[in-house]
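Shown next, in structure tokens, is the structure this report addresses.
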Amino acid sequence: MNVSDLREEYTRFGLSESDLDPDPIEQFRKWFEEALNADLHEPNAMTLATATPEGKPSARIVLLKGFDERGFVFYTNYEGRKAQELETNPYAALVFYWGELERQVRIEGQVVRASDEESDAYYKSRPRGSRLGAWVSEQSRPIKSRERLEEKVRELETEYEDREIPRPPFWGGYRVVPEAIEFWQGRENRLHDRLLYRYSGAKWKIERLQP
Ligand SMILES: Cc1cc2nc3c(=O)[nH]c(=O)nc-3n(C[C@H](O)[C@H](O)[C@H](O)COP(=O)(O)O)c2cc1C
């Protein structure tokens, strides 16, 4: 195997200024719908990058659970590593990679917690098993064994046997409020299209970047 021989030509689509919606959220909606229609596996999976106040980055995948003019929402534990980084340095970057469409979207901005009402509504919509899972996981902390985790679920199952499971106070949504969104379309000979929206002076400005 020679990793350096792995090489793809990107030839499927182009992205021109005239294709773009002036509103990046609408542009995202269009690409996201195309990703859904292309039957990709988990098109809402995105890389979330955060950093400590000292600037040490970390990244992981989370699932996009909503987006609109206010931003891009995901749900997580408010005490794990990413949350600790976000609480002390409330900026993040998101990256979507839709390989079959030869597309990438990069989003950057400030991060705010979703409202309790919004987190409650989403938590209620989750399957019972996921709701219990949120309670038992002290996310990002070590645990002695897998058995201990499963035992905690069983204990909780008994406790909430015929009761509604409330949302844990340490679990909920974050919203990335975008100040920059870049749409990347792979092209031949690495001459890719990159269109960057930046929020400035209360409006979105678009510029083309070199590949
Ligand atoms: C496909 C996929 C989807 C995931 N979705 C989420 C999610 O929505 N929320 C979440 O907290 N973790 C999610 N995870 C787990 C995270 O990648 C990560 O392991 C976890 O959030 C702990 O990260 P942290 O220690 O940096 O806080 C997902 C992982 C994968 C591979």
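Only residues that are at negative phi, more than 8 Å from the ligand (Cβ to nearest atom) and open to solvent by less than 20 Å² (accessible area, probe 1.4 Å) were counted across the range 67-76, and they come to 2.
Within the range 1-29, which residues are under 19 Å from residue 109 (Cβ atoms) and among the β-branched types (Val, Ile, Thr)? Result: 25, single match. For the range 77-98: of the residues being within 13 Å of the ligand (Cβ to nearest atom) and part of a helix (DSSP H, G or I), which is most open to solvent (accessible area, probe 1.4 Å)? Once the filter is applied, the top-ranked residue is 81.
When the range 107-123 is limited to residues that are among the charged types (D, E, K, R) and touching a residue at least 40 places away in the same chain (Cβ under 8 Å), the one that is surrounded by the fewest Cβ atoms within 10 Å (Cβ to Cβ) turns out to be 116. If the condition is being surrounded by fewer than 16 Cβ atoms within 10 Å (Cβ to Cβ), among the polar types (S, T, N, Q) and not in a loop (DSSP other than H, G, I, E, B), then the range 7-33 contributes only 18. Summed over the range 34-46, the residues that are within 16 Å of the ligand (Cβ to nearest atom), open to solvent by less than 80 Å² (accessible area, probe 1.4 Å) and part of a loop (DSSP other than H, G, I, E, B) give a count of 3. Every test in (1) open to solvent by 40 Å² or more (accessible area, probe 1.4 Å); (2) under 30 Å from residue 179 (Cβ atoms); (3) over 18 Å from the mean Cα position of the chain (by Cα); (4) not aromatic (Phe, Trp, Tyr) is passed by residue 101 save one, and that test is (1). Can you tell me how many residues within the range 47-65 are without any contact (Cβ under 8 Å) to a residue 12 or more places away in the chain and in a strand (DSSP E or B)? Qualifying residue count, the range 47-65: 1.
The residue of the range 49-66 that is surrounded by the fewest Cβ atoms within 10 Å (Cβ to Cβ), among those that are under 20 Å from residue 27 (Cα atoms) and out of contact with any Pro (no Cβ under 9 Å at 6 or more places or on another chain), is 63. Taking first residues from the range 130-157 that are within 23 Å of residue 83 (Cβ to Cβ) and partners that are open to solvent by 80 Å² or more (accessible area, probe 1.4 Å) and away from the ligand (no atom under 15 Å from the Cβ), the Cβ contacts under 9 Å between residues at least 6 apart in sequence or on separate chains come to 131/124; 132/157; 136/155.
The values are calculated or read from the model by the stated rules, or taken from the named source; none is laboratory data. These numbers were taken from a predicted model, which means no experiment stands behind them. Cβ: placed from backbone, ideal geometry, glycine included. Neighbour counts: every protein chain shown. Side chains are part of the model used for accessible areas, which takes the heavy atoms of the whole protein and leaves out ligands, DNA and RNA. Shrake-Rupley method; radii C 1.70, N 1.55, O 1.52, S 1.80 Å.
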